[in-house]
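Everything on this sheet refers to the single structure shown next.
The values are calculated or read from the model by the stated rules, or taken from the named source; none is laboratory data. Keep in mind the model is a prediction, meaning the values are calculated, not measured. In this analysis, Cβ positions are derived from the backbone assuming ideal geometry, glycine residues included, and neighbour counts consider all displayed protein chains.
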Amino acid sequence: SEALGVNKKNVERYAKDLRDKGMAHFFSRKETRGQCHKFTPEKISEAQHLLDHGHSQYGTAKAIGVSESAIRYHIKAGTLKKK
């Protein structure tokens, strides 16, 4: 693990996945790091619709089941547009 520059626990976890699930699973995994698990594309469009119709950031967050900070983050990131 030191030669690879990877944590020993990660190497053990990768080896277990390779043994249990095979090479196909190991090399064809979908990259999910950095993606929101709650704020799906459907929720983004629903949130944008609510914001366009005058709902507050707080009201929009409560309506779609995410935190208000998630709404603020996506407005700042440009994913959502504030009217």
Q | Out of Ala47, Ala63, sole residue that is small (Gly, Ala, Ser) and surrounded by 16 or more Cβ atoms within 10 Å (Cβ to Cβ) | A | Ala47
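Scan the range 33-44 and tell me whether some residue there is aromatic (Phe, Trp, Tyr), closer than 30 Å to Lys81 by Cα, surrounded by 12 or more Cβ atoms within 10 Å (Cβ to Cβ) and without any contact (Cβ under 8 Å) to a residue 60 or more places away in the chain.
Residues of the range 33-44 aromatic (Phe, Trp, Tyr): 39.
Adding the requirement that they be closer than 30 Å to Lys81 by Cα leaves 39.
In the following step, the residues that additionally are surrounded by 12 or more Cβ atoms within 10 Å (Cβ to Cβ) were identified as 39.
Okay, now just the ones that are also without any contact (Cβ under 8 Å) to a residue 60 or more places away in the chain, so 39.
So far as the range 33-44 goes, yes, one or more of its residues are aromatic (Phe, Trp, Tyr), closer than 30 Å to Lys81 by Cα, surrounded by 12 or more Cβ atoms within 10 Å (Cβ to Cβ) and without any contact (Cβ under 8 Å) to a residue 60 or more places away in the chain.
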Q. Of all residues in the range 66-81, which are under 13 Å from Ser45 (Cα atoms), of a type in the set (A, V, I, L, M) and assigned to a helix (DSSP H, G or I)?
A. Ile71, Ile75
Q: Please identify the pairs in which a residue from the range 52-72 that is farther than 14 Å from Cys36 by Cβ has its Cβ atom under 6 Å from the Cβ atom of a residue that is not in a helix (DSSP H, G or I) and not aliphatic (A, V, I, L, M), counting only partners at least 6 apart or on another chain.
A: Asp52/Lys83
Q: Read through the list (1) outside any loop (DSSP other than H, G, I, E, B); (2) at pLDDT below 95; (3) in contact with a helix residue (DSSP H, G or I) (Cβ under 6 Å, 6 or more places away or on another chain), then give the number of the only condition that Asp20 fails.
A: (3)
Q. Residues of the range 54-65 being among the small types (Gly, Ala, Ser) and in a loop (DSSP other than H, G, I, E, B), which ones?
A. Gly54, Ser56, Gly65
